[in-house]
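Read through the structure below, which is laid out as structure tokens, and then see the notes.
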Amino acid sequence: MGVSFDKIDGATWLKFDIQPATNPTPEKERAARLVDPGFGRVFTDHMAVVRYDQAKGWHGARVESRANFPLDPALAVLHYAQEIFEGLKAYKRDDSGVNLFRPDANARRFRSSAERMAMAPLPEPVFIEAVEQLVRIDRAWIPGGEGSLYLRPFMIASEVFLGVKPSAEYIFAVIASPVGSYFKGGPAPVSIWVSENYTRAAIGGTGAVKCGGNYAASLRAQAEAIDHGCDQVVFLDAVERRYIEELGGMNVFFVFDDGSLSTPPLGTILPGITRDSIIALAKDSGTRVREEAYTIEQWRTDAASGRLKEAFACGTAAVISPIGKVCSASGDFLISGGAAGPVAMGMRKKLVDIQYGRAADPHNWIKKVL
Ligand SMILES: *Cc1c(COP(=O)(O)O)cnc(C)c1O
């Protein structure tokens, strides 16, 4: 049973119609908002939008003033949650140019997310072009220093119809939000709560898809983590309820006393681009990396014996967060004495230096936009 969308490939030569905002934020106000933007509350002046319908395929590519979408109450996404998204960042280099980090990987993942959710797959060049055009027009919004411009491409089912079937119409858009350094004064170790009541993903489900629904389903578990005084939740597998999967929105790595790393295998977890980059950089420096199942009991045992040296979470927003403490209904345990470990911090610096163009880029991950 295939879901087919016509006129996909014709869109690879889509030209964006660029309509600069007639009332952009005055420079003084923009500067004030860039002082301490936090995460995800300040937005730039523009957005990129491309539409899909069955007659025209992908069409109407525009960069225009950021504005509300008119939402019919029967819009398919509001009822059946056909929605996917991405997250990537633009970084300002010392020479004032601008880097994107692996946008091709986000474009590829977005396309496979669309396929799993029976949505019209967006051609990868259109995804990348939309992101680049938005970064160019809103370049004044990219914070300097350790800040960056967080880009949020997303797609919603926009057919007005209550029937349960793949929508025949979609809106793809990209918005941008300046973010400060995620951690003031270096990343503080996070405490994580092991979720025993809730799971995130099952085999055959949507765990590997970046869809809003996964987040909706994780919020109750995250709230439980907060109730127990923890920063984040970590999920176990849905079958045996013992294998570590990932945090609500970050992948996880373990560092052992023989210098090796391990991380849960792909399948029901989100295939993080940060995860993939860490594996590549570790291998470059001769570090052994295993993509291997690891249980919560083993984690506790290895932390106690000293075999486990560090653990850290990773994702685009925070890059790397050392894990200092693991809490669960059956008791807590510390990792690296609750401090940030040298492997996590070293890997973080390596990645960030590549992203900001301060270090060599052996894998050609950087795409210079400006
Ligand atoms: C986005 C995301 C990640 C991290 O992926 P990156 O590509 O490294 O940003 C990890 N887990 C989940 C559930 C995510 O949604």
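The values are calculated or read from the model by the stated rules, or taken from the named source; none is laboratory data. Note that the coordinates shown come from a computational prediction; the quantities given were computed from them, not determined experimentally. All Cβ positions, even for glycine, are placed from backbone atoms using ideal geometry, and neighbour counts span all protein chains on display. Note: accessible area is taken over every heavy atom of the protein model, side chains too, but ligands, DNA and RNA are not part of it. Shrake-Rupley method; radii C 1.70, N 1.55, O 1.52, S 1.80 Å.
Below, the figures for the structure above:
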read-out: Per DSSP, loop trypsin sites (Lys or Arg not before Pro) in the stretch 180-281 with at most 16 further Cβ within 10 Å; value: LYS184, ARG241, ARG242
read-out: Most mobile listed residue (GLY213, GLY259, GLY57) in the chain, GNM with C-alpha springs under 10 Å; value: GLY259
read-out: Rounded to 10°, Cα long-axis angle of helix 296-305 versus longest principal axis of the chain; value: 50 degrees
read-out: With Cα atoms, 0 to 90° folded angle of helix 124-137 axis to the chain main axis; value: 80 degrees
read-out: The stretch 190-355: radius of gyration and largest Cα-Cα distance (Dmax), Å; value: 14.7, 41
read-out: Heavy-atom accessible area ranking, 1.4 Å probe, most first, across GLU86, GLU124; value: GLU124, GLU86
read-out: Highest-MSF residue in the chain out of ALA225, ALA67, ALA140 [GNM, Cα springs under 10 Å]; value: ALA67
read-out: Contour minus Cα-Cα distance for ASP257 and ASP227 (0.36 nm per residue); value: 7.5 nm
read-out: Residue order for PHE161, PHE110 - accessible surface, 1.4 angstrom probe, largest first; value: PHE161, PHE110
read-out: Kirkwood-based shape ratio for the chain, expressed as Rg/Rh from alpha carbons; value: 0.97
read-out: Too-long pairs where the Cα-Cα distance tops 18 Å, listed order kept, from LYS92/LYS283; LYS92/LYS368; LYS283/LYS368; LYS89/LYS368; LYS283/LYS350; LYS15/LYS368; value: LYS92/LYS283; LYS283/LYS368; LYS15/LYS368
read-out: Per-residue SASA entry for ILE323, accessible area with 1.4 Å probe, Å² rounded to 10; value: 0 Å²
read-out: 0 to 90° range, to nearest 10: angle between helix 342-355 axis and the chain longest Cα axis; value: 20 degrees
read-out: DSSP-loop GluC sites (Glu not before Pro) across the stretch 165-230, with at most 16 other Cβ within 10 angstrom; value: GLU196
read-out: Amide hydrogen neighbours beyond the local backbone of THR268, cut-off 5 Å, H modeled; value: none
read-out: Rounded to the nearest 10 Å², the accessible area of ARG152 at probe 1.4 Å; value: 70 Å²
read-out: The chain - charge dipole about Cα centre, Lys and Arg +1 at Cβ, Asp and Glu -1, debye rounded to 20; value: 580 debye
read-out: Partners for LYS28 among aspartates and glutamates (Cα-Cα distance below 18 Å; same-chain residues under 8 apart left out); value: ASP36, ASP45, ASP138
read-out: Accessible surface, the chain, averaged per residue in Å² (probe 1.4 Å); value: 44 Å²
read-out: Radius ratio Rg over Rh of the stretch 5-179, counting only Cα atoms, Kirkwood formula for Rh; value: 0.98
read-out: Carbon and sulfur %, accessible surface of the stretch 1-142 computed with the full protein complex present, 1.4 Å; value: 50 percent
read-out: Computed Kirkwood radius, in angstrom, where 1/r is averaged over Cα pairs of the stretch 174-215; value: 14.3 Å
read-out: Nearest-0.05 FRET efficiency for LYS56 and HIS79, computed from C-beta distance (R0 35 Å); value: 0.90
read-out: Within the stretch 5-179, percent of DSSP bridges classed antiparallel, to nearest 5; value: 95 percent
read-out: For the chain, built as a Gaussian network whose Cα springs stay under 10 Å, the top-fluctuating residue of ALA130, ALA105, ALA311; value: ALA105
read-out: Under 13 Å from the Cα of LYS210 - aspartates and glutamates, other chains or at least 8 residues apart; value: GLU83, GLU86, GLU115
read-out: Cα centroid separation, the stretch 19-67 to the stretch 140-212 (Å); value: 17 Å
read-out: Column: log10 I(q)/I(0), Debye, Cα scatterers of the stretch 251-314, q = 0.14, 0.21, 0.26 Å⁻¹; value: -0.38, -0.85, -1.21
